[in-house]
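Down below is the structure, laid out as structure tokens.
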Amino acid sequence: MKKVEIAAKAIIVAFFFAMMLNSLKLREIRRFGEMGSGFWPILILSTAMVLSGLLLISSILKYMREKRKNAEEPLLSPEEMGNQKNRRRKVALSAIFLVIYVIVMPWIGFVLSTLLYVLAFILVLEERRKWVLISSPFLITALVIVVFSKFIVIPFPRGMGLFAAFSRFFY
Amino acid sequence: MFEHYLTAFSTLFLPQNVLAMVLGGLWGIIAGALPGISTSMGVVLLIPFTYTLSPITAFAMLVSAYCGGITGGSITSVLFGIPGEPSAVCTVIEGYALAKQGHAARALWIFIIASAIGGIFSVFVMMVATPVIANFALRFGPAEYFALTILGLSVVSGISGGSVLKGIISCLFGIFLATVGTDGITGVERFTFGTTILLGGIELVPAMVGLLAISEVLLEAEEPFAEYKGSAHYRGLKEELPKFSEYTEHWAVLAKSSVIGTIAGSLPGGGATIASFLAYGEAARSSKHPERFGKGAIDGLMATEAANNASTGGSMTILLSLGIPASNTTAMLIAAFMIHGLQPGPLLYSQRPDIIY
């Protein structure tokens, strides 16, 4: 059990708690004899909050037990710990780049954001061959545009200002 | 019922539908065989291509991709020891052991024929069971649907990833997402935070793509498949064609695994992976030679392949008759149904029998 996992579980508890507070505003919006709009959200969120709280507590206890045990005998070798750290870093960076990709797409358009995202994702996956790094972003973006924009006519975001003008060259 | 099947056969064998099935099946096999792309992701990637197709052609393509994906996942398992699909993990154990002994072609024959037997069995079950369950489900009222939903959620919670607590929290999070937007009864805005984007709620398709497909991409990013560095002496497919007697010898394993696969596939939260593990475990338990398991046991390979392919028919039975997705891939098929303006379930059975049959 890692500190990061405990932090993730704490965020889940905090999320359910925040949503629960929000749902309390819905409590009185109902007519006589009806459960009202707030019944299910309050029930679901309070249950989820309690259960995720239990999960967090059990994780903290597990972490403390493992910490005591590790003090006597480390569970993972330094090499294994390094690999694990590397894998987690890859997932975290992949998720961060994905979020950035979704956020910037309406501003800079699909073409540019996809080009940059594919390049970043390949680098995160530790691909270092130059021909793959150079060709993949262009090939993938071109393929997606041809298939989705030209063939099945799905409107992609063009971006704003200068970026919109750039996107109009392609679709 | 029979006239519906006859009409369905005549429709299905129209050139465009045959082409759709061939292309869908081929894509499914490729997607299943590639370790980075699972069957559900293969189906997701195919959905946009079906926008412009008629619903029948679209579903012929998507269901073919689904079945192809489950089969394709075992190709890399046998040849390289890399499961293309989670459901092909047991195939790696026996199939790859056979390949290392120089019987890769034999393992391929066995898995393809066992897959076909399991798949065909579950299709027959689907053809018989779907109308019966759907007709029964037409009599369902709100209480029965509520009970069915609770059953689905409790099964999902119980068998999701070993932690019941996490399973229940995930289910609750799913229900919470469904409450976002305008309440259908009172018209009150829930969790919209003043934006208009969330007024209509969170659509099922983006939610499923975001939660299922993207999480799989992240999982693959964490552990990309290892490069294969071994070598196996290859004998030709003709040389390695198994004798008919090998199948008759293991008929009980094939029958049992097909039944296990169909039942496990029909359980919400079940699917091909659980089906293959259950059938593999049962085959190992009842085998006369359990010591051969892990070293290229033919009955182990047959069991896992018959079961994971049989699960497709089980999942489709529940999807078509009750509108409940039993696996990730059938959840994606629900999204495809919705894109084509259809709602899977018992009503679709009476309203659009042309598509269901």
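Could you derive backbone 3J(HN,Hα) for segment B:43-51 from the dihedral phi with the Karplus parameters 6.51, -1.76 and 1.60 (θ = phi - 60°), listing whole Hz in sequence and x where the residue is Gly or Pro?
In residue order, the calculated couplings are 5, 4, 5, 7, 3, x, 6, 9, 3 Hz.
Once you've got the GNM for chain B with C-alpha springs shorter than 10 Å, pick whichever of B:Leu301, B:Leu108, B:Leu172 has the biggest mean-square fluctuation.
B:Leu172
Along the positive direction of the dipole of segment B:60-210 (beta-carbon charges: Lys, Arg +1; Asp, Glu -1; about the Cα centre), which of B:Ala134, B:Leu79, B:Ser122 reaches farthest?
B:Leu79
Return the single residue from B:Thr273, B:Thr312, B:Thr192 with maximal mean-square fluctuation; model: Gaussian network over chain B, springs between Cα atoms under 10 Å.
In this elastic network of chain B, the residue with the biggest mean-square fluctuation among B:Thr273, B:Thr312, B:Thr192 is B:Thr192.
Percent relative contact order of segment A:67-171, based on C-alpha pairs within less than 8 angstrom and at least six residues apart?
About 31 percent, as a whole number.
Determine the calculated [θ] at 222 nm for chain A from helices alone, applying -39500 (n - 2.57) to every DSSP H run no shorter than 4 residues and normalising by the residue count; nearest 500 deg cm²/dmol.
Mean residue ellipticity at 222 nm (helix-derived): -25000 deg cm²/dmol.
Give the distance, in whole Å, between the Cα centre of segment B:1-25 and the Cα centre of segment A:67-145.
Each part reduced to its Cα centre gives a spacing of 42 Å.
Under 19 Å between alpha carbons, and skipping anything fewer than 8 positions from A:Lys3 in its own chain: which lysines qualify?
A:Lys62, A:Lys67, A:Lys69, A:Lys85, A:Lys90, B:Lys166
For chain B, what is the mean residue ellipticity at 222 nm derived from helices alone (per DSSP H run of n ≥ 4: -39500 (n - 2.57); sum divided by total residues; nearest 500 deg cm²/dmol)?
The helix-only estimate for chain B comes to -21000 deg cm²/dmol at 222 nm.
If you build the convex hull over the alpha carbons only and average its shadow over all orientations, what do you get for chain B? Give it in nm² to one decimal.
20.1 nm²
Out of B:Ser321, B:Leu26, B:Ser163, whose Cα points farthest toward the positive end of the dipole of the protein assembly as shown (charges: +1 Lys, Arg; -1 Asp, Glu; placed on Cβ)?
So the residue we want is B:Ser163.
Taking θ as phi - 60°, what are the ³J(HN,Hα) couplings along segment A:92-107 by the Karplus curve (6.51, -1.76, 1.60), each to the nearest whole Hz, with x for Gly and Pro?
Values, residue by residue: 4, 5, 4, 5, 5, 4, 5, 5, 4, 4, 5, 5, 7, 3, x, 8 Hz.
Just tell me how shielded A:82-89 is by partners: mean number of partner chain Cβ atoms within 10 Å of each residue's Cβ, no decimals.
Per-residue shielding by partner chains comes out at 1.
Hey, got the dipole for the protein assembly as shown? About the Cα centre, +1 on K and R Cβ, -1 on D and E Cβ, debye to the nearest 20?
For the protein assembly as shown, the charge dipole is close to 1080 debye.
Between A:Tyr101 and B:Gln343, what is the spin-label point distance in nm, taking each point 7 Å from the Cα along the Cα→C-beta axis?
3.4 nm
Excluding ligands, DNA and RNA, what is the accessible area buried between chains A and B, summed over both sides, using a 1.4 Å probe, to the nearest 100 Å²?
About 2700 Å² of accessible surface is lost on pairing.
At q = 0.07, 0.10 Å⁻¹, work out log10 I(q)/I(0) for the protein assembly as shown with the Debye formula, treating every Cα as an identical point scatterer and leaving solvent out; two decimals please.
Each listed q corresponds, in turn, to -0.46, -0.98.
Which percent of the accessible area of chain B is formed by carbon and sulfur heavy atoms (probe 1.4 angstrom)?
70 percent
Choose one answer from B:Ala134, B:Ala264, B:Ala275: the residue with the largest mean-square fluctuation in a GNM of chain B with alpha-carbon springs under 10 Å.
Looking only at B:Ala134, B:Ala264, B:Ala275, the largest GNM fluctuation is found for B:Ala134.
Per residue, how much space in cubic angstrom lies within the convex hull of the C-alpha atoms of segment A:88-128?
Residue-normalised Cα hull volume stands at 44 Å³.
Can you check what the Kirkwood hydrodynamic radius comes to for segment A:49-171, Cα pairs only, in Å to one decimal?
18.0 Å
B:Ile324's amide H: which non-local residues (gap 5+, or another chain) put their own amide H closer than 5 Å, with H modeled 1.01 Å from N in plane and none for Pro or chain starts?
Excluding prolines and chain starts, which carry no amide H, the hits are B:Leu319.
Order B:316-323, B:278-285 from most to least packed using the mean count of other Cβ atoms within 10 Å.
Descending mean neighbour count gives B:316-323, B:278-285.
List the residues, sorted by chain then number, that are 5 or more residues from B:Arg190 or on another chain and whose placed amide H is less than 5 Å from its amide H.
Close amide H contacts, sequence-distant or interchain: B:Gly181, B:Thr182, B:Asp183.
The values are calculated or read from the model by the stated rules, or taken from the named source; none is laboratory data. All values derive from a computational prediction rather than experimental measurement. In this analysis, Cβ positions are derived from the backbone assuming ideal geometry, glycine residues included, and neighbour counts consider all displayed protein chains. Ligands, DNA and RNA are excluded from the accessible area calculation, which covers all protein heavy atoms including side chains. Shrake-Rupley method; radii C 1.70, N 1.55, O 1.52, S 1.80 Å.
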